[in-house]
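Values quoted throughout were computed directly from the atomic coordinates according to the rules given, and no laboratory measurement underlies them. None of these values were measured; they are calculated from a predicted model. In this analysis, Cβ positions are derived from the backbone assuming ideal geometry, glycine residues included, and neighbour counts consider all displayed protein chains.
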Amino acid sequence: MAKLRLEITKGEEIRYISHLDYASAMERAIIRAKIPVAYSEGFNPHMKLSFASALAVGVTSQAEYVDIECKEEVDLSQAIKRLTAALPLGILIKGAKYIQGNVPALMAIVNLATYDVTVPLLAEDIGIIEDSIRWFNEAETVSYVRESPKGKKEIEVKQYMAKAVKIVPLEKAVRLMLEIKITPTGSIKPGEVVVALVGMFDLPVDIDNLLIHRTGLYISDGNVQVSPVEL
Amino acid sequence: MRERNIPLYTLESLKPVKEFDIVGFSLQYEMSYSNVLNMLDLARIPLLTVERDENMPIIIGGGPCTFNGEPVADFFDCLVLGEGEEVMEDIVAAVAAWKKLGKVDGKSGILKKLAQIGGVYVPSLYDVTYHEDGTVANVAPNSPEAPAVVTKRVVKDLNTVGYATKPIVPFLDIVHDRIMLELFRGCTRGCRFCQAGVLYRPVRERRPEVLLKMAKEMVDSTGYNEISLTSLSSADYSCLPGLVDSLMDELKEQGVSVSLPSLRIDSFSIDLAQKVQQVRKSGLTFAPEAGSQRLRDVINKGVTQKNLEDAVTAAFQAGWSSVKLYFMMGLPTETDEDVLGIADLAYKVLDLYKEIKGRRGAKVTVSVSCFVPKPHTPFQWFGQNIAGEFERKQQLLKARLRDKNITFNWHDARTSFLEGAFARGDRRLGQVLLKAWQNGARFDGWSEYFKYDVWMDAFKTCGMDPYFYATRDRNFDEIMPWDHLSSGASKEFLQREYEQAVTEQLTSDCRRENCSACGVCPGLGVEVLDWGNKA
Ligand code: SF4
């Protein structure tokens with residue numbers, strides 16, 4: 001049994017759909033494209049798909065990954081062609097390859113995510129921005145309180161930052177480039193990092209209007225990072 | 001959206017609704033009227049038809065409520081009675097031609113054109129007068145283009161009419177998030193409370209080979225993995241077992257499953273349910289509608305205690321253990337004994353389980369709605385129970401259903417009261433609707449949003465009496481606000497059925513038995529198409 005691994009996007013058109021809806025859009029496209037996908041056994045069979053990571057509502061991405069378990073191998077270019085025709089606006093196929101054998105799940109191997117966060121500025125002076133980012137980058141620890149229906153939980157942010165935050169000044173806005181580790185015990189969301197930046201480092205941005213875009217998902221050993229289709 | 005100054009737009013093209021030539025609403029339920037006004041307002045379209053000129057979209061309503069669209073007559077440019085497939089093309093052609101010629105004679109020009117299309121009702125071309133006691137004196141066209149009676153459109157043969165094989169597949173989870181395969185239209189079992197049974201006459205089946213082809217095309221174009229076999233009573237489809245087999249055979253490879261939304265109360269249905277749902281033992285739902293045999297005869301629900309026992313027995317034997325039972329209260333001639341009969345049935349079901357399985361453990365859910373008499377049914381003359389009476393009966397039943405294996409759900413009597421007033425209301429209710437909407441009424445069908453007091457205030461401010469519409473018994477010779485809107489079934493037929501109801505006489509199903517002379521077939525030039533019978 002071969003797995004078809006795809007690198008796909010979640011574009012501006014579908015920024016506001018949930019991960020579940022994104023996954024069912026993929027499932028429907030796979031049926032429409034007549035990809036010979038495998039189903040789970042049992043009385044309520046599921047299509048055997050696995051995603052590398054769930055993307056939140058409101059977040060776009062240029063690099064999502066999904067493994068589709070197939071009953072047989074259709075010629076790769078054929079499969080891409082058929083899927084491309086069947087996919088809705090907002091999902092593009094950027095890479096594809098077959099993977100043979102029993103490989104670990106994408107979810108288990110991907111350990112680094114990179115993001116561009118674009119957010120309008122509330123101050124004219126770029127110096128203030130640079131200062132606040134530098135303080136954040138130099139801080140030993142930064143704690144963030146995550147609130148959920150289950151209660152409050154304090155999280156240390158810096159343990160998840162793979163690299164220092166970089167900034168690119170834009171017109172009346174700023175782009176923050178984040179590299180975040182995904183660990184077996186958890187991670188931090190890019191939006192949460194920005195909340196911490198605003199709350200504790202006085203980053204003068206309009207946090208209600210931030211746009212998050214995932215730029216990559218990688219398997220990294222600290223030195224080398226590769227994407228799941230480069231593996 | 002109001003705060004951010006965003007006008008209502010369409011999800012597919014992101015174009016403001018106001019920029020369209022035609023805007024259509026499906027009127028399925030009276031309690032959605034306030035939302036229609038709200039959508040128009042969000043779209044920045046003036047609510048009243050008199051306030052809209054030829055540069056505004058033409059606002060059209062369809063669906064069962066149009067058969068008494070009088071309460072929304074002030075807001076809609078036209079209401080379309082009956083099935084949409086063919087009439088939609090006529091309407092679009094008329095509007096396109098009018099637009100091409102530079103919108104001749106403005107708004108009234110197009111309305112007069114539309115009024116000449118069969119099935120299209122243009123409320124503004126009719127004047128209504130009233131007697132002193134508030135009943136309708138006369139409804140007459142005020143323009144030669146408008147017919148005295150508008151009769152519904154009906155598709156003669158569903159096998160030849162086009163169908164949408166490429167429905168829009170939204171990203172979001174929607175209510176019917178699956179392929180809806182309509183097996184047939186119409187149901188002539190003749191339940192006397194049922195409006196759909198009258199409005200969609202006669203029964204017309206699709207051929208199994210057409211259905212199979214439709215199903216495959218729709219799977220290919222949508223990618224859905226579930227097909228629901230819809231109809232008013234899908235188990236009545238004459239070729240159902242064969243169709244289910246071939247659908248399952250041909251679509252299994254693509255991971256597609258088949259489901260039946262409604263079950264008939266018999267063991268045939270259980271066999272089928274078992275086949276399509278395989279082992280998913282979620283509960284089964286049956287609708288005996290009334291608790292006693294006498295009352296089931298009154299409403300012509302051709303189900304006996306034995307039918308129910310057989311069906312439930314088959315279900316328990318097949319491994320199901322939870323059963324949902326649907327009933328109504330407030331039906332004509334109902335006594336407390338009939339109401340308590342509901343409890344007896346529920347306990348009977350629990351006992352049956354114990355008999356079959358040798359232990360307790362069945363779960364029965366009893367859902368009881370408040371009967372709302374609807375126009376164009378044999379019960380259109382009947383005065384609805386007042387809310388207090390519904391509540392008394394609900395308590396009566398509740399006291400009797402004290403078993404931890406029985407769950408009892410009931411409908412809010414006040415929502416049903418309002419639904420009843422609008423269902424059989426006339427044009428004068430338009431102002432009540434407008435007032436209630438202005439005072440914040442929205443999503444009235446959702447109990448958490450329903451604002452009863454806002455509605456009652458609106459009635460009061462407008463000097464209207466909701467009881468006059470909902471709970472009053474009518475005389476057979478009273479002119480109904482919807483008498484000029486015809487489903488094809490004659491008033492004589494409905495009256496005959498009412499009289500047979502109160503004398504507890506049954507009427508047979510014209511699908512496979514005798515015609516009961518409702519008038520639809522000869523009147524509209526259509527006939528029953530049932531392949532089990534005549535193929
Ligand atoms: S005219 Fe007769 S056959 Fe036709 S729908 Fe009415 S009762 Fe049935």
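Residues that are over 20 Å from B:ILE6 (Cα atoms) and out of contact with any Gly (no Cβ under 9 Å at 6 or more places or on another chain) within the stretch B:35-54 comprise B:THR49, B:VAL50, B:GLU51, B:ARG52, listed in sequence order.
Among the residues that make up the stretch A:60-69, is at least one of them more than 10 Å from chain B (Cβ to nearest Cβ), without any contact (Cβ under 8 Å) to a residue 12 or more places away in the chain and not β-branched (Val, Ile, Thr)? So that I can check it myself, show each step before the final result.
Here is the first cut: in the stretch A:60-69, the residues more than 10 Å from chain B (Cβ to nearest Cβ) are A:60-69.
Retained after the next criterion (residues that are without any contact (Cβ under 8 Å) to a residue 12 or more places away in the chain): none.
So far as the stretch A:60-69 goes, no, none of its residues is more than 10 Å from chain B (Cβ to nearest Cβ), without any contact (Cβ under 8 Å) to a residue 12 or more places away in the chain and not β-branched (Val, Ile, Thr).
Filtered by the rule that a residue be β-branched (Val, Ile, Thr) and over 21 Å from the mean Cα position of the chain (by Cα), the stretch B:489-527 gives B:VAL502, B:THR503, B:THR507, B:VAL526. Residues in the stretch B:480-498 that are more than 13 Å from B:LEU81 (Cα to Cα), crowded, with 16+ Cβ neighbours inside 10 Å and of a type in the set (Ser, Thr, Tyr): B:TYR498 alone.
Filtering the stretch B:132-190 down to residues that are of a type in the set (Gly, Ala, Ser) and more than 20 Å from the chain's Cα centre (by Cα), which residue is surrounded by the most Cβ atoms within 10 Å (Cβ to Cβ)?
Let us first name the residues in the stretch B:132-190 that are of a type in the set (Gly, Ala, Ser), namely B:134, B:137, B:140, B:143, B:146, B:148, B:162, B:164, B:186, B:190.
Pick out the ones that are also more than 20 Å from the chain's Cα centre (by Cα) and you get B:134, B:137, B:140, B:143, B:146, B:148, B:162, B:164.
Details: B:GLY134: 13, B:ALA137: 11, B:ALA140: 12, B:SER143: 14, B:ALA146: 22, B:ALA148: 9, B:GLY162: 8, B:ALA164: 11.
The extreme case among them is B:ALA146.
For the stretch B:426-450, name all the residues that are closer than 30 Å to B:GLY291 by Cβ and touching a helix residue (DSSP H, G or I) at 6+ places or on another chain (Cβ under 8 Å). Scanning the stretch B:426-450 gives B:ASP444, B:GLY445, B:SER447, B:PHE450.
Against the test of being part of a loop (DSSP other than H, G, I, E, B) and within 24 Å of the chain's Cα centre (by Cα), the options A:LEU55, A:LEU83, A:LEU20 yield a single qualifying residue, A:LEU55. Of the strands (runs of 3 or more DSSP E) entirely within the stretch B:104-199, those holding at least 3 residues that are away from the ligand (no atom under 16 Å from the Cβ) and under 30 Å from B:ALA215 (Cβ atoms) occupy B:179-182.
Answer yes if at least one residue in the stretch A:85-106 is within 30 Å of B:VAL258 (Cβ to Cβ), within 14 Å of another protein chain (Cβ to nearest Cβ) and among the small types (Gly, Ala, Ser), and no otherwise. Can you show your working first?
Step one: of the stretch A:85-106, the residues within 30 Å of B:VAL258 (Cβ to Cβ) are A:85-88, A:91.
Imposing the further condition that a residue be within 14 Å of another protein chain (Cβ to nearest Cβ) reduces the set to A:85-88, A:91.
Keeping just the survivors that are among the small types (Gly, Ala, Ser) gives A:85-86.
The answer is yes, given that some residue of the stretch A:85-106 is within 30 Å of B:VAL258 (Cβ to Cβ), within 14 Å of another protein chain (Cβ to nearest Cβ) and among the small types (Gly, Ala, Ser).
Checked against the criterion of being touching a residue at least 40 places away in the same chain (Cβ under 8 Å), outside any loop (DSSP other than H, G, I, E, B) and over 23 Å from B:LYS393 (Cα atoms), the candidates B:GLY425, B:GLY430, B:GLY420, B:GLY488 yield just one match: B:GLY430. Those strands (runs of 3 or more DSSP E) of the stretch B:238-349 in which 3 or more residues are within 14 Å of chain A (Cβ to nearest Cβ) occupy B:257-259.
For the stretch B:520-535, enumerate the residues that are surrounded by fewer than 18 Cβ atoms within 10 Å (Cβ to Cβ) and under 20 Å from B:GLN195 (Cβ atoms).
Within the stretch B:520-535, the first condition is being surrounded by fewer than 18 Cβ atoms within 10 Å (Cβ to Cβ), and the residues that meet it are B:521-523, B:525, B:527, B:531-535.
Listed by number, the residues that qualify are B:CYS521, B:GLY523.
The number of residues in the stretch A:134-180 that are in a strand (DSSP E or B) and not polar (S, T, N, Q) comes to 24.
Please verify whether A:VAL37 is surrounded by fewer than 18 Cβ atoms within 10 Å (Cβ to Cβ), among the β-branched types (Val, Ile, Thr) and either within 12 Å of chain B (Cβ to nearest Cβ) or touching a Cys at 6+ places or on another chain (Cβ under 9 Å) (or both), treating the condition exactly as stated. Considered against the rule, which asks whether it is surrounded by fewer than 18 Cβ atoms within 10 Å (Cβ to Cβ), among the β-branched types (Val, Ile, Thr) and either within 12 Å of chain B (Cβ to nearest Cβ) or touching a Cys at 6+ places or on another chain (Cβ under 9 Å) (or both), A:VAL37 comes out as no.
Sort out which residues of the stretch B:46-64 are in a helix (DSSP H, G or I), farther than 14 Å from B:GLY430 by Cα and not charged (D, E, K, R), and write them in order of number. Steps first, please.
Taking the stretch B:46-64 first, the residues in a helix (DSSP H, G or I) are B:49-51, B:64.
Within this subset, residues satisfying the condition of being farther than 14 Å from B:GLY430 by Cα are B:51, B:64.
Selection gives B:PRO64 alone.
Could you list, in sequence order, all residues of the stretch B:200-229 that are under 17 Å from B:GLY519 (Cα atoms) and assigned to a strand (DSSP E or B)? Result: B:ARG204, single match. Filter the stretch B:203-216 down to the residues that are within 13 Å of the ligand (Cβ to nearest atom) and either surrounded by fewer than 24 Cβ atoms within 10 Å (Cβ to Cβ) or small (Gly, Ala, Ser) (or both) and list them by number. B:ARG204 - this is the single residue of the stretch B:203-216 that is within 13 Å of the ligand (Cβ to nearest atom) and either surrounded by fewer than 24 Cβ atoms within 10 Å (Cβ to Cβ) or small (Gly, Ala, Ser) (or both).
Which one of these is within 16 Å of the ligand (Cβ to nearest atom) and part of a loop (DSSP other than H, G, I, E, B): B:GLN500, B:GLN505, B:GLN495? Criteria check complete, one pass: B:GLN505. Would the stretch B:67-88 turn up any residue that is among the small types (Gly, Ala, Ser) and assigned to a helix (DSSP H, G or I)? Scanning the stretch B:67-88, I find at least one residue that is among the small types (Gly, Ala, Ser) and assigned to a helix (DSSP H, G or I), so the answer is yes.
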